Amino acid sequence: MSENEVKKEEKSAADSLKEQLFYKSKSVFETAPDEVDAAYEYAKGYMAFLDHGKTERECVTEAIRLLTEKGFRPYTFGTEIKAGDKFYYNNHGKSLAAWIVGSGTLEDGVYLAAAHIDSPRVDLKQHPLYEQDGLGFFKTHYYGGIKKYQWTTIPLALHGVVTKADGTTVTVTIGEDDDDPIFYITDLLPHLAGGQMAKTGGAIITGEQLTILIGSRPYEEKTGEAIKLNLMKILNEKYGMVEGDFMSAELCAVPAMKARDIGLDRSLIGAYGHDDRVCAYPELTALMATEQPKHTVMAILADKEEIGSEGNSGMQCAVYFDLIADMAGTLGANEAVVRMNSKCLSADVNAAYDPNFPEVHERMNVCYVNHGVVITKFTGSRGKSGSNDASAEFVGYVRNLLDGANVVWQTSELGKVDAGGGGTVAKYIAQKNVEVVDLGVPVLSMHAPYEVVAKTDVYMTHKALVTFFAE
Ligand SMILES: [Zn+2]
């Protein structure tokens, strides 16, 4: 045995000990290469879901369409229920709960997954329409956390509803068909942007500058505000609306871009609104793949997470646990016991490590694209403020569950300590005495008009939820 060989053997003993004792996050390509084709296939359905659901309302409509095909039916409070029944509850058209009644006792707890279906965007103000110096515009107020400059000079579509004076509501979608017009927010040419570019990023484009260009052609007869008049006439012809109807409208500008494969190898997906439809869709597919569960399993698609889970469609609304309480009442179960024994995966995204911005991540505690579904024990900012911070026992439970089903997973926190922070719906679910941890997909360019995820991570999230619902 040469000296070299001895060294090699020693190293290999150390290596095997390392393998035994150390932890190393690995990619799906390394640990589950057989699953990659399935992940690519799965992505097709997800991308179609994204193209049909650019607002929370559209996501609810599309989810109900998918669920109805699989035998789910609308639930009304007080409905008689039995094991195997599949229901959904449409909450004001903006959030949704869907579930399958388990074969076991309800007091063993409900297995919940909760994602959100609202995404950052630019909403119209209640008095939006004006013309200035030969151009027609909509004034806006942005929704959720955005870098305002990112929303200029990209194609925008208009989505939403208008409730008219007579009480009827019309749905508006302009900019998604290839021959539809689109909308646009202007920015300054670099030649004249010296003053602008000297500002800090948050001030490059102000909230009041996010005005949407919607036209320039005046009404044929000479009159004041002729461009505005012509635009209002077009809206009146198309939707029967008058200017006052904007006051009772919810109209949103969202990127007029479809979900697309990114990369020569097509391994990534670019789209508007991955956060958090990339978790909402796996919740739906996992629920629809579940047959005769032991526990009652429920998927929640909540609204308004991006503005604090507020309102009667946000996660802080009572309705989700009212539904559980209603079933407890019907079945003679103690509702407090049902909640106490319930478990929840708060399905939300986390920030993937971006090699172009290494300074904000702490490399040992960040999630990587293609390294699978990410468990986020805590969120929050500063000293974990505003975080659920799941218990070691519950994280351990989920960890064992995923390992047992060969789900590739990793853990992460959101950036370096004190680099910033964020929150999810987890803490509102925890308030109901439910065990809950965040779990979801790593995202690049989160909250940008066009975000990026990896197909393998989306698929692993689906698998994680399938496994959880089968418990
Ligand atoms: Zn978000």
In a shell of Cβ-Cβ distance under 11 Å around residue 122, excluding residue 122 itself, what net charge do Lys and Arg (+1) and Asp and Glu (-1) give? +3
Exposed-loop-free span, longest in the chain, where chymotrypsin sites (Phe, Trp or Tyr not before Pro) count as exposed if DSSP calls them loop and at most 10 other C-beta atoms lie within 10 Å: 24-471
Taking loop as defined by DSSP and a crowding limit of 16 other beta carbons within 10 Å, which trypsin sites (Lys or Arg not before Pro) in region 66-100 fit? 70, 82
As I understand it, the value is the acute angle between the Cα axis of helix 3-21 and the longest principal axis of the Cα atoms of the chain; what does it come to in degrees, rounded to 10? 70 degrees
Write out the GluC sites (Glu not before Pro) in region 217-261 meeting two conditions: DSSP loop, and at most 13 other Cβ atoms within 10 Å of their Cβ. 220, 221
By Cβ neighbour count within 10 Å, fewest first, 467, 173, 296 rank 173, 467, 296
Angle between the chain longest axis and helix 226-239 axis [Cα atoms, degrees, rounded to 10]: 60 degrees
Note to self: Kirkwood Rh of region 310-351, Cα pairs, one decimal, Å, is 11.9 Å
Compute the Kirkwood hydrodynamic radius of region 357-406, taking the inverse of the mean of 1/r over all pairs of distinct Cα atoms, and give it in Å to one decimal. 12.8 Å
Which trypsin sites (Lys or Arg not before Pro) does region 251-321 hold that lie in a coil by DSSP with at most 16 other beta carbons within 10 Å? 258, 266, 294
For the chain, give me the percentage of DSSP beta bridges that are antiparallel, rounded to the nearest 5 percent. 70 percent
Cα pair count fraction exceeding 14 Å, expressed as % - region 24-79: 70 percent
How far is helix 36-52 tilted, in degrees, relative to the longest principal axis of the Cα atoms in the chain, given as a value from 0 to 90 rounded to the nearest 10? 30 degrees
Using the C-alpha atoms of region 210-298, what convex hull volume per residue, in cubic angstrom, is computed? 218 Å³
Tell me the net charge near residue 417. Cut-off is 11 Å between Cβ atoms, residue 417 excluded, with +1 for each Lys or Arg and -1 for each Asp or Glu. 0
For region 26-162, what does the relative contact order come out to in percent, with C-alpha contacts under 8 Å and a separation of six or more? 15 percent
Can you give the Rg to Rh ratio for region 173-235, taking only C-alpha atoms and Rh from Kirkwood? 1.10
Here the Kirkwood hydrodynamic radius of region 266-322, Cα-based and in Å, equals 13.4 Å
Can you sort 187, 166 from fewest to most other Cβ atoms within 10 Å of each residue's own Cβ? 166, 187
What is the pair-distance distribution P(r) of region 33-137, computed from all Cα-Cα distances in 5 Å bins starting at 0, with each bin given as a whole percent? 2, 9, 14, 16, 15, 13, 11, 7, 5, 4, 2, 1, 1, 0
Anchor residue 11: aspartates and glutamates whose Cα lies under 16 Å away (excluding residues fewer than 8 positions away in-chain): 3, 19
Of 125/148; 294/427; 258/463, which ones are farther than 20 Å apart at the Cα? 294/427; 258/463
Going through 199/233; 70/94; 432/455; 44/238 one by one, the pairs whose alpha carbons sit over 28 Å apart turn out to be 199/233; 432/455; 44/238
nm² value of the averaged projected area, convex hull over the Cα atoms of the chain: 28.7 nm²
P(r) of region 121-255 over all Cα-Cα pairs, 10 Å bins starting at 0, rounded to whole percent, reads 12, 40, 34, 12, 2, 0
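Read-outs: derived from the displayed coordinates by stated rules, not from any lab. All of these numbers come straight from a predicted model, not from anything done at the bench. Neighbour counts are summed over all protein chains in view; Cβ atoms, including those assigned to glycine, are modelled from backbone coordinates with ideal geometry.
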